[in-house]
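Below is one structure, written out as structure tokens, with a few remarks after it.
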Amino acid sequence: MAKQDPLHDAKIVGSKAVHLASLFVGMFIFWMVLAGRTETKFIVYGIITAAVTSWVTYPLLLVTNKTGDKKYFVFGVNPFKFISYFCWLMWQLVLANIDVLLATTSQELQIDPKIVRFKVHFDNPVACVALADSITLTPGTVTINVTDDGLYEIHALTPGAAEGIYAGDFPKHVADLFGETCDFAMVEEGRK
């Protein structure tokens, strides 16, 4: 079995040097936060540890797409787009919390659970997971199934939660975060 060199693997999407550098910086910052000290020996230990850890773990952080012709770095997103997505997601959490609060505390319960289905295809498996997890993180919605062909089945607790899924904002924002195209399409009830 031949040893694979991740720095010379043509299947990897993006710059391998940028991936390794960002992993090194993240590991070094993590080391410094845990160490809590800025003496020279802790900085040197941190640099050495971050370099070795980055080199050893980089191949483990590459995820192959379904066809096997590309490999994606798990943390391979633009940091500015990530901050934008994070802020947008936090705002969606606030809106969803308000929606669930109003639905459950009104005199007439405004809960109307339903299963909402949509299809979207992302080549990057990390984008698929991020979409499913972002929807589940939002109160009032739970991703109950994701199929290999991109069918997402979402349990929506309130009409507002279902409307949020119908709008397709989550797939659009995740596609923007990962640089994917968004071919979002709702699936009619009873069909897959």
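The values are calculated or read from the model by the stated rules, or taken from the named source; none is laboratory data. Since this is a predicted model, take the numbers as computed values, not measurements. Counting neighbours? That spans all protein chains shown, and the Cβs are built from the backbone with ideal geometry, glycine included. These area figures cover heavy atoms from the full protein model, side chains too; ligands, DNA and RNA do not enter into them. Shrake-Rupley method; radii C 1.70, N 1.55, O 1.52, S 1.80 Å.
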**OP:** Give me the distance in nm between label points sitting 7 Å out from Cα along the Cα-to-Cβ direction at Asn97 and Glu188, one decimal.
**Re:** 4.0 nm
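Report, in debye and to the nearest 20, how large the dipole of the chain comes out about its Cα centre when Lys and Arg carry +1 and Asp and Glu carry -1 on their Cβ.
Working: 15 positive and 19 negative charges, 164 e Å.
With only Lys, Arg, Asp and Glu charged at Cβ, the dipole is about 780 debye.
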**OP:** Collect residues whose amide H, placed 1.01 Å from N in the peptide plane, falls under 5 Å from the amide H of Lys70; neighbours closer than 5 in sequence don't count.
**Re:** Asn65
Original post:
About the Cα centre of the stretch 10-115, what is the dipole size in debye to 20, counting +1 per Lys and Arg Cβ and -1 per Asp and Glu Cβ, all else neutral?
Top reply: 620 debye
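Where the accessible area of the stretch 1-122 is counted over protein heavy atoms with a 1.4 Å probe, how much of it, in %, is carbon and sulfur?
Details: 5760 of 8400 Å².
In the stretch 1-122, the share of accessible area belonging to carbon and sulfur is 69 percent.
Which entries of Lys71/Lys114; Lys11/Lys172; Lys41/Lys70; Lys71/Lys119 have Cα-Cα distances beyond 29 Å here? Spell out each step's value before the answer.
Numbers: Lys71/Lys114 36 Å; Lys11/Lys172 26 Å; Lys41/Lys70 40 Å; Lys71/Lys119 23 Å.
Where the Cα-Cα span goes over 29 Å, the pairs concerned are Lys71/Lys114; Lys41/Lys70.
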Original post:
Taking the simple approach of a point 7 Å from Cα along Cα-to-Cβ for both Val74 and Glu39, what is their distance in nm?
Top reply: 3.3 nm
Original post:
What are the ³J(HN,Hα) values, in whole Hz, obtained from phi via the Karplus relation 6.51 cos²θ - 1.76 cosθ + 1.60 with θ = phi - 60°, for each residue of the stretch 141-154 in sequence order, with x given for Gly and Pro?
Top reply: 9, 9, 7, 9, 7, 9, 9, 5, 8, x, 8, 10, 10, 10
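For every helix of n ≥ 4 consecutive DSSP H residues, a contribution of -39,500 (n - 2.57) applies; sum these over the chain, divide by its total residues, and give [θ] at 222 nm rounded to the nearest 500 deg cm²/dmol.
Details: 6 runs with 97 residues, N = 192.
Taking each H run of at least 4 residues, the total per residue is -17000 deg cm²/dmol.
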Original post:
With the dipole of the chain worked out from charges on the C-beta (+1 for Lys and Arg, -1 for Asp and Glu) around the Cα centre, which of Cys87, Phe24, Thr141 lies farthest toward the positive end?
Top reply: Phe24
Subject >> Neighbour net charge for Pro171 - beta-carbon separation under 11 angstrom, K R +1, D E -1 >> reply: -2
**OP:** Classify the stretch 82-158 as rounded, prolate or oblate, taking a ≥ b ≥ c as the square roots of the eigenvalues of its Cα gyration tensor: rounded when a/c is under 1.5, otherwise prolate if a/b is larger than b/c and oblate if not.
**Re:** oblate
Original post:
By its C-alpha gyration tensor, with a ≥ b ≥ c as the square roots of the eigenvalues, how is the stretch 137-192 shaped: rounded for a/c under 1.5, else prolate for a/b larger than b/c, else oblate?
Top reply: oblate
